[in-house]
Every structure is written in C-alpha cells, then in structure tokens.
Amino acid sequence: MQKKWWHGKVAYQIYPKSFQDSNGDGIGDLRGIINRLDYLKELGIDIVWLSPIYCSPLADQGYDISDYYRIDPRFGTMEDMDELIAEAKKRDMYILMDLVVNHCSDEHAWFRKACEDPDGEYGKYFYIEDLKDGKLPCNWRSYFGGSVWEPLPGHPDKCYLHLFHKKQPDLNWENPKLREEVYKMINWWLDKGLAGFRIDAIINIKKALPWKDYPADREDGLCSVQHMLADAVGVGEFLGEMRDRTFEPHEAFTAGEVFNEKPGDLPNFIGDHGYFSTMFDFNETICGGSPKGWYDARPVTPDDYRRCCFESQRKIGDIGFLCNIIENHDEPRGVSRYLPAEGCHDAGKKLLATMNFMLKGLPFLYQGQEIGMENIPFHSIEEADDISTQDEYQVALAAGLSPEDALNAVARFSRDNARTPFQWTAGTHAGFTTGTPWLRVNPNYVRINLEAQRKNADSVYQFYRRLIALRKNTDYADTVVYGDLIPVWEDQKNLMAYYRRSAEKSLLVIGNFQNEAQRVTVPGGWKRILINNLPELETDGNAITLAGWQAVVLEA
Ligand code: GLC
Ligand code: CA
C-alpha cells in the first residue's frame, strides 16, 4: 500500500442542519460551522465532511438535490461556502462535500424538463418506462418502502425509477451526456478548492438491465434492491471514468459509501489506484440486521462487535485504508447500540472509542460522538422526522406488532437518533439555536454537553482528545497509523484485544465489555500505559486485571 497524506489524519462528519444555528431560525448553517472551526481544530480534526447543503426540498434532508451549483438559502450562501473553504485552509483543514449523484430531486430542472418531454433529451437523464397493461417494469422495493416505480407526473401511462424516495428520481448513468454533466459539476466544485467528497449511495448507479422481477421477499410482493445489485455488473467502468475525469486530476480525497461491493473488488475500489481514496466500514452497522425490517433486527453483542471489526481488518489487510466509524447520520448512536444498557456510561463510551479508534484505518467521527451523545427517547411516531423511520414503523405494524412495540423497535434504529441538535451547553436548546430547533433536542443535554466536558479532564470529550493526540504523537504515529493489527484472546467473552505492531513498536489495546473484572496475561509483559479510561490499572507481574468497562492502550 502506498502511503498517502491523509492516512495519519482524523476526519469528522458534520450534519449541518443540526450542528450550529447562527441566525435563530432553528436550522444549523454554514456560518455556524465557520464559527465552530476552532472547536474542531481544538479537538484535533483535520478532514471535515458536510452532509448535503445544496438547494433541496429536504424530502430526505438534502439527499434530494434540486440544484448542484447552489447552496440552499437555509444553510447560507456561496460566499459562506467559499469562506468556509478558505478558513479551513488557514487551519490546515480539508472540507469535503457530499456527492449525491445516484439520484437528484424531482424538483431539479432536469426532472422538470423530463416530465415536460419524456422522449426528449432530459427524459434520457432518468429511467422512464411505459406501463405495459398497467404493469410496472419490475417488482423492486425502494429503500424507503413501496415500489421503486412512480407514475411520471403528467404522464399516467409512464413511470420513473427511484431506488430511494419518490422525490429522488434515479439518474441514468448509462447516458454519457448525464455522466458529462456530473463530471462537469464535480470539477466545478473541486476548482473552487474543495478537498474532495464523501460519495453517496454510489453502488446503486449501476442497474442490472433489462428490468426483471426477483422472488418477492415480503408480503408486499416486492423484493429488496439487493438482489438486483448482486446481479449488476460493470459499476467499475463508471467509477473508473469518474475518477479519471475528476478526482484524479485534482488529487481529491474521496470516501465512498459502498455497501455490497463484490468479493475481491476491494483493490479496485480502494487499492493503490482505486476508484476512491477510501470507503466506510459498515460491517458493524449491518450486523444483526434482518431482511424483514428493523423490527426483526437482533442486538449486537460485544462479541459480535469484535468479530465484525476483525473481519473487516482481515479483509482489508494491506490493500488500503477503510474509514472506521461508530455512527453516522443514518445510524443510531453507537454508544446506545454497541454498549449494553449497563455499560452506556462514560467508562463504556471511552472503551468503545478506544476499540474503534485504535483500529487500522481512518477514524471518522460523527458530530456529538466526541461527547458521547445517546439515542433520544420516542413517545409517539409523530415525533419522528426521518422518512425511513416512518416506513419501518408501518412495516412493523404490518408484521403484527402493537403500536407500542413498533415504536420501540423503530426508536432503536431511527436515523433521528443521530440527527438531534449538537449539545453545546446546558443552556436553552443546548446552545444549538436561540430560536426553535427544527428537531427536538435530546433532553439529556443538561447532563451531556460540550461546555461541561471541556472543563472536566475526565470527560468523554477530553478522552477523545487524548486518543487523537496519541495518533499524532510522532513517537507512536507510525505504529498507530500503519502498524499491523493482530487480534488476540478472541475466544474470551466480552473482551476485545489486539496488537498494533510496527518494526519499532508494539501496542496492545484491550477492553473489557462487562461489569465483572477480567484477567489476561501479556506474554513478554509491557512497558507503559499510554491510554487508560479509568484512574488505575490492577497488575501483577505480566498479568492484568481489567475492571468492568476498562480499556487500556499499553506499549508492549
Ligand atoms: C445515503 C445517505 C442517506 C440517504 C441515502 C439516499 O445512504 O447517507 O442519508 O438517505 O443515501 O441519498
Ligand atoms: Ca440558521
């Protein structure tokens, strides 16, 4: 693997709508982000990804773009964006935007023109088909529920494809003209000085054609899009072309949202001359999932968590660098998900942070993770904003769950959990806005907020700063960033441990995921403690007794 400038960095995702409001309208904005750049610098962040801020009806919170060349006025202006890029540069920081090009919004001019003249130039930017005897072209289920086909406005005899929401028509990547439009837009942003992109839902751009049904997998008679994706061949041609025409000439940094790449395809995606610089490791986030829906998912145990992390590490080997995440804007809060309820406290949160952060790869934090933000309680489905929460609630009801059970089931996975406003202070609306927040603030902000944690040397926030400092400490960086990862004691329940080894140094990372203490013996012993989430560590020669929820990084 070739070394890259970004390997030793730390990245952070901002969900702009919920980060910091600067003008009292209850919606986070670019000015709010600019005002918080020094905070991110203090934490130790280098690379910042902004979820979409382009013009959008916000049907899927900005992942439905109606104009790729303009900033949505709710988030600010193009001048704000230019200022953000410039201010980041001054601080040696890099800004990434979200590249959402599997689909656009049904309010995009291209789609409007396609509706006016489906047989014209813009009709070919989308997948538009005739209904044959009223029958849809195929039985795929959209990610947000219902058929992927929707009647084309103004043309009852035609329909268009949307793998996501009906307000997110899929762009037809088979059309070279569309691809040219996409590349032009990407280059326009990169020419502005943007460092790169996080690339949304990208595996979906290649459809298995011609349309065909797959066996239905639920009562609704539809089938998951996964079946089609498994059959789709040739996404690499699009991705390679996009890289050659845009990212590569600009030396842009790119992080792909890639699910379901084909076995053996990793080197093509993120090897030395891959389509992307890196991609996210979702192995933990998909663990326990069910084809039936959220209501049927099983909890992830600490041993599952360990297995998923190590599986990914073994799979990636020396091919490239994955991004390691605990959560993002599509997932519940990791501390509420991967820690059993009895472990969801400061020590447990620091333990999870240590286990994830010390893995090989690029640590990619999500806003609020650094202060240990948790899932939000749900009292009724009306409180949910997220469209997939609404859909999964209906799926759970249809499967026979009571309204109460259905609510509890979707509350565990709702994307709203991660989208509640950032908890800056213990003051009104957690210091997020002086107005009314667009989404309710988690009531635990009085207890969990940055202001309190900044002052407290033992806080989750200060602990993250220590982890980041270790990654950047010149004595250890080479081992933390490039050291081999060697799992140990994999059969010891509720214990996760691994070495990170380079030619110069050997680090041992150990975490105890239970209330009861656990003992391990370190062959060859160890020299010093680099990180400890508790004040003490009980040792006896080469034996170590980890207290409940204790995590340490030792120099071995
Ligand atoms: C990605 C985004 C998600 C969005 C979807 C459709 O998975 O992360 O938030 O709903 O793509 O754009
Ligand atoms: Ca605002």
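Candidate cross-link partners of residue 212 among the aspartates and glutamates, defined by an alpha-carbon separation under 15 Å and a same-chain spacing of 8 or more, comprise 129, 130, 231. Candidate cross-link partners of residue 132 among the aspartates and glutamates, defined by an alpha-carbon separation under 18 Å and a same-chain spacing of 8 or more, comprise 119, 150, 157, 213. In a fully extended conformation the segment linking residue 5 and residue 454 would gain 158.7 nm over its present Cα-Cα distance, using 0.36 nm per residue. On a 0 to 90° scale, report how tilted helix 302-316 is relative to the longest principal axis of the chain, with both axes built from alpha carbons and the result rounded to the nearest 10. Between helix and principal axis, roughly 70 degrees. Using a cut-off of 27 Å between Cα atoms, the listed pairs 192/455; 349/455; 89/207; 292/350; 3/89 include 192/455; 89/207; 292/350 as exceeding that distance.
How big, on average over all directions, is the shadow cast by the Cα convex hull of the stretch 109-161, in nm²?
Values: hull surface 15.0 nm².
Dividing the Cα hull surface by four gives the mean projection, 3.7 nm².
As a rough guide to protection, the peptides 179-188, 391-400 ranked by mean Cβ packing within 10 Å, highest first, stand as 391-400, 179-188. Near the amide H of residue 22, within less than 5 Å, lie the amide hydrogens of 29, 32, all on another chain or at least 5 residues away, with H placed in the peptide plane.
P(r) tail, the chain: Cα-Cα pairs separated by more than 48 Å, 9% of all pairs. Taking the 0 to 90 degree range and rounding to the nearest ten, how far is the long axis of helix 387-398 tilted relative to the main principal axis of the chain, both from C-alpha atoms? Roughly 90 degrees, rounded to the nearest 10.
With the gyration tensor restricted to C-alpha atoms of the stretch 507-556, the semi-axes of the equivalent ellipsoid amount to 16, 12, 9 Å, longest first. Ranked for footprinting exposure by Cβ neighbours inside 10 Å, fewest first, 141, 471 give 471, 141. Quick note on the stretch 156-283: its Rg to Rh ratio, both from C-alpha atoms and Rh being the Kirkwood radius, is 0.99. Hydrodynamic analysis of the stretch 170-243 uses the Kirkwood radius over alpha carbon pairs. Inserted into Stokes-Einstein at 10 °C and 1.306 mPa s, it gives a translational diffusion coefficient of 110 µm²/s. Around the amide H of residue 147, modelled in the peptide plane, lie the amide H atoms of 142, all under 5 Å away and 5 or more residues distant in sequence or on another chain. Based on Cα contacts under 8 Å between residues 6+ apart, the chain shows a relative contact order of 13 percent.
Stick to the Cα atoms of the stretch 356-511, pair each with every other, and give me the Kirkwood hydrodynamic radius in Å at one decimal. Kindly include the intermediate steps, with their values, before the conclusion.
Values: mean 1/r = 0.0538 Å⁻¹.
The answer is 18.6 Å.
Within the stretch 11-111, all pairs of alpha-carbon atoms sorted by distance into 5 Å bins from zero give the percentages 3, 14, 24, 25, 18, 11, 5, 1, 0. When you filter the trypsin sites (Lys or Arg not before Pro) in the stretch 513-556 for DSSP loop state and at most 10 other Cβ atoms inside 10 Å of their Cβ, you are left with 527. For residue 99, the residues whose amide H sits under 5 Å from its own are 198, 199, 200, ignoring neighbours fewer than 5 places away on the same chain, with H placed 1.01 Å from N.
Quick one: what does P(r) look like for the stretch 77-175 with 5 Å bins over all Cα pairs, in whole %? Cα pair-distance distribution for the stretch 77-175, in percent: 3, 13, 19, 19, 13, 8, 8, 8, 6, 3, 2, 0, 0. Among 89, 455, 360, the ranking by other beta carbons within 10 Å of each residue's beta carbon, starting with the fewest, stands as 455, 89, 360.
Across the stretch 444-452, rounded Karplus estimates of 3J(HN,Hα) from the backbone phi angles (6.51 cos²θ - 1.76 cosθ + 1.60, θ = phi - 60°) give 7, 4, 5, 8, 10, 7, 5, 3, 5 Hz, Gly and Pro being marked x.
Each part reduced to its alpha carbon centroid, the stretch 44-122 and the stretch 225-277 end up 21 Å apart. The angle separating the long axis of helix 176-191 from the principal Cα axis of greatest extent in the chain is about 40 degrees. Partners of residue 90 within straight-line reach, counting aspartates and glutamates whose Cα lies under 17 Å from its Cα and excluding those fewer than 8 residues away in the same chain: 38, 42, 46, 79, 80, 82.
All of the numbers you see were taken from the coordinates with simple rules; none came from a lab. None of these values were measured; they are calculated from a predicted model. Note that we place each Cβ from the backbone using ideal geometry, even for glycine, and neighbour counts take in every protein chain shown.
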